[in-house]
Amino acid sequence: MYEFLTGPMLWVTFTVFILGCIYRVVWYFRGLDWKLDRVAYKADMGLGLKWAWKSIYHWLLPFGTFSWRRKPGMMSLFFIFHVGIVFVPLFLEAHTVIAREHLGINWPAMPAGLADALTVAMLAAGVMLILRRILLAEVRVLTTANDYLMLAIAMAPFITGILCRLHVPGYEGWLLAHLVSGHVMLLAIPFTKLSHMVLFFCSRAQLGMDFGIKRGGERGRGLVW
Amino acid sequence: MPEGKFCNKTPIQTEEALLSLLSDTRGTQYYEEMKSLEVNKEDLWNRIQKTCKSRMRTWLDICAHCGLCADSCFLYLVNDRDPEQVPSRKIQSMLRTMIEKKGDVTTEFMIECMNTAWSKCTCCSRCAQFCPHGIDMGQMNSYIRGLLFSQGFVPWEMKIGSGMHRVYRAQMDVTTEDWVETCEWMAEENEEEWPGLEIPVDKEGADIMYTCNAREPKHYPEDLAEAAILFHIAGENWTVPSEGWEQTSLTMFAGDWEGAKMQVDNVYAAIERLKPKRVIGTECGHAHRATVVEGPYWAGRASGKPPAPYIHYVQWVAEALRTGKLKIDPSKRIKELVTLQDSCNYVRNHGLAEITREIMSYMVEPGYFVEMTPCKEYNYCCGGGGGFNGIGRYRQQRNKALQTKRDQILATGAKLVISPCHNCWDAIRDLEEEYEIGIRWSFLKPLLIGMVEIPEHLQPKE
Ligand code: SF4
Ligand code: SF4
Ligand code: SF4
């Protein structure tokens, strides 16, 4: 089972994940319509791209936007959660080994201690995000079962991963659970809200262009933060 | 009853239909009929499939339900943080349901949507600045209004407003004759005090073509006279078109996209006919948004620009002060605390925040200008935007919404509010009427006329 999940299944999962993401991005950009969206994408491409980039950049920067600065607590949870979820899987030593042995790609690894710290922080942030959903009325009203499912899918590989790492009894089982949940997460990305992994950039780029091209970008006051 | 006499899916096309709808005082029968107006589910679903493309779908799909947009919305705040007023919630409760049910929704649902779309969101787009995913609920709400309009679920006043544009190409029943007469009348009225004052109609190739808000000729003709006087003092070569002078668009508030195109086409035709070097619009935010920011798209102009450079009144004023075409008499500068209302429609939605501050720097004695908090692109809607001001059915909700601006103004300590936007001006007038906080409010034009130096050759001869 281990061999299958780190071997052939890995290829399948990666293919579905990558093609799925590409499909969503292509579908997004093909579905933009200058008349319906009321943005002169083509006519003002230069200005548009400049503001698209600005919009993405500022939102990826802690304290980079007015909105982030106003909510430092939520901002921290957001960044800790996302830094963990993006960097740990990519640079964990055990993963780089699999990448080398099964996919033939050489990849640098991060120190084990750092990976542990990031994982724990990410999980703690996840728990806080769940509490936030329950405690704040304005978030509770928006929350659906699906939102919890997404958090569960995103956190499961990390919970099982850290359990393996700590060598809690039942190692074999946890490892298997870790592999399965990892696959589930990757496979879920193109088909669920987790697609925001790529669509975040698309949507931000679009709004950046919108504000940049017609809502003040030419005066240097496009989407303002 | 599938469709009513007044409340139906057909937009107003004729003067007769318009007058008949107007005769239904406050829309009593109209709203009664709406209760049994049937939803054309197939048409609704078709329309959604054709127009709800990847941008909107993605917005709906990826909304993280994080609630960061909640307290960006003044309506959420002013209504005691009612969870139903969280921007994302409002949109999801309408559009998401329509899509999930593939258009198979009930009349009651559509009426509920109408109430939300027109009384819980002014399309001010403030929330768009606070959402990590860049989801613009103002745009979505305006999209939903379009769907509702196509099914006849639109407030009575909005249906009338859209009808006005379709029949008269103006938000009020000001005909071409009325308009031209008002121009002549205003010129005559002020000629004595301002020798040589003219309101030239249909002059070709002028430097400036001026357009305005139909409320002006209809209810405040002095505004037109003031514009003329300022152009006269500045020595501008200007004109107004006999047709295509009305710049506002209640069709935009109503979600009547077909009507919005008719309206803006009319203005652009005037530009193409008179070939001015540029066009200047009056002090109105929604008029600017309709004709300059969104209009080019309704008219199908791929450049996203009107046929000639088209600026807001504050842009002209700043330029005239900067170049010395208008000079402020230093002794007449404002020497009392004064604040400024930033209209969402040309500030947040067109980046004109600094230019109004530049104007203040000329008009107000240093130390007397106080900003509202927040201000500029982060300013809150006046409380009456997106048609809210004009809809009787939602008067109570609108009055509640005015409290945000009331408190912002009170916090500045200023008794004078400058509001270079017609709609905001109305809202501020109404808030004074409702809450009596003892403030005055003004457009730029009358203040400027009281403050500018009159060039020698224009001074009345003794
Ligand atoms: S801030 Fe954006 S992503 Fe978060 S709930 Fe509001 S609309 Fe959704
Ligand atoms: S557009 Fe304005 S009124 Fe509408 S939800 Fe957003 S902030 Fe509130
Ligand atoms: S009336 Fe003024 S403040 Fe209110 S939405 Fe319109 S532009 Fe904004």
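Annotations
- In the stretch B:78-101, the residues that are open to solvent by less than 30 Å² (accessible area, probe 1.4 Å) reach residues that are of a type in the set (Asp, Glu) with C-beta atoms within less than 8 angstrom, at least six apart or across chains, in these pairs: B:VAL86/A:GLU138; B:LYS90/B:GLU84.
- Residue in the stretch B:381-399 that is within 14 Å of another protein chain (Cβ to nearest Cβ) and open to solvent by 40 Å² or more (accessible area, probe 1.4 Å) present: no
- Helices (runs of 4 or more DSSP H) completely within the stretch B:220-276 that count 3 or more residues being surrounded by fewer than 24 Cβ atoms within 10 Å (Cβ to Cβ): B:221-234, B:257-274
- Residue match in the stretch B:143-156 (condition: closer than 26 Å to A:LYS214 by Cβ, more than 16 Å from ligand 2 (Cβ to nearest atom) and touching an Asp or Glu at 6+ places or on another chain (Cβ under 6 Å)): yes
- Odd one out for B:GLY134, checked against (1) within 15 Å of ligand 1 (Cβ to nearest atom); (2) farther than 25 Å from B:LEU402 by Cβ; (3) touching a residue at least 24 places away in the same chain (Cβ under 8 Å); (4) not acidic (Asp, Glu): (3)
- Scan of the stretch B:68-96 for residues that are closer than 22 Å to B:ASN115 by Cα and outside any helix (DSSP H, G or I), ordered by number: B:CYS69, B:CYS73, B:ASN79, B:ASP80, B:ARG81, B:ASP82, B:VAL86
- Residue check, A:ALA52 aliphatic (A, V, I, L, M) and closer than 16 Å to A:GLY212 by Cα: yes
- All positions within the stretch B:43-54 that are surrounded by fewer than 17 Cβ atoms within 10 Å (Cβ to Cβ) and either closer than 11 Å to B:GLN151 by Cβ or assigned by TED's automatic domain parsing to the domain that holds B:ILE391 (or both): B:ASP43
- Contact annotation: residue pairs with Cβ atoms under 7 Å, 6 or more positions apart or on different chains, pairing a residue in the stretch B:284-313 that is acidic (Asp, Glu) with a partner that is open to solvent by 10 Å² or more (accessible area, probe 1.4 Å), are B:GLU294/A:ARG38; B:GLU294/B:MET252.
- The set of residues in the stretch B:56-72 that are within 12 Å of ligand 1 (Cβ to nearest atom) and open to solvent by 20 Å² or more (accessible area, probe 1.4 Å) comprises B:ASP61, B:ALA64, B:CYS66, B:ASP71.
- The condition (being under 28 Å from A:VAL224 (Cα atoms), in contact (Cβ under 8 Å) with a residue 60 or more places away in the chain, surrounded by fewer than 19 Cβ atoms within 10 Å (Cβ to Cβ) and within 11 Å of chain B (Cβ to nearest Cβ)) is satisfied by just one residue among A:LEU60, A:LEU32, A:LEU36: A:LEU32.
- Condition met for B:LEU321 (open to solvent by less than 40 Å² (accessible area, probe 1.4 Å), away from chain A (no Cβ under 14 Å) and assigned to a helix (DSSP H, G or I)): yes
- Any pair with Cβ under 6 angstrom, 6 or more apart, that starts in the stretch B:413-424 at a residue that is within 9 Å of B:GLU283 (Cβ to Cβ) and ends at one that is more than 8 Å from ligand 3 (Cβ to nearest atom) and open to solvent by less than 10 Å² (accessible area, probe 1.4 Å): B:SER419/B:ILE428; B:PRO420/B:GLU283; B:PRO420/B:VAL314; B:PRO420/B:LEU444; B:CYS421/B:CYS284; B:HIS422/B:ASN213; B:HIS422/B:CYS284
- Remark: pairs (first residue in the stretch B:174-197, at positive phi; second residue among the hydroxyl-bearing types (Ser, Thr, Tyr); Cβ separation under 8 Å; 6+ apart in sequence or on different chains) are absent.
- Failed condition for B:TRP316, given (1) more than 14 Å from every other protein chain (Cβ to nearest Cβ); (2) not in a helix (DSSP H, G or I): (2)
For every residue, the table says whether it meets (1) in contact (Cβ under 8 Å) with a residue 60 or more places away in the chain; (2) exposed (fewer than 14 other Cβ atoms within 10 Å of the Cβ); (3) aromatic (Phe, Trp, Tyr).
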| site | (1), (2), (3) |
| --- | --- |
| B:GLY4 | no, no, no |
| B:CYS7 | yes, no, no |
| B:GLU16 | no, yes, no |
| B:SER20 | no, yes, no |
| B:GLY27 | yes, no, no |
| B:LYS35 | yes, yes, no |
| B:GLU38 | yes, no, no |
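- Of the residues A:ALA52, A:ALA115, A:ALA99, A:ALA109, the single one that is buried (at least 19 other Cβ atoms within 10 Å of the Cβ) and free of Cβ contacts under 8 Å to residues at least 40 places away in the same chain is A:ALA115.
The values are calculated or read from the model by the stated rules, or taken from the named source; none is laboratory data. Worth saying up front: this structure is predicted, and the values here are computed from it rather than measured. Don't worry about glycine lacking a Cβ; one is built from the backbone with ideal geometry, like all the others, and counts go over all protein chains shown. Only protein heavy atoms, including side chains, enter the accessible area calculation; ligands, DNA and RNA are left aside. Shrake-Rupley method; radii C 1.70, N 1.55, O 1.52, S 1.80 Å.
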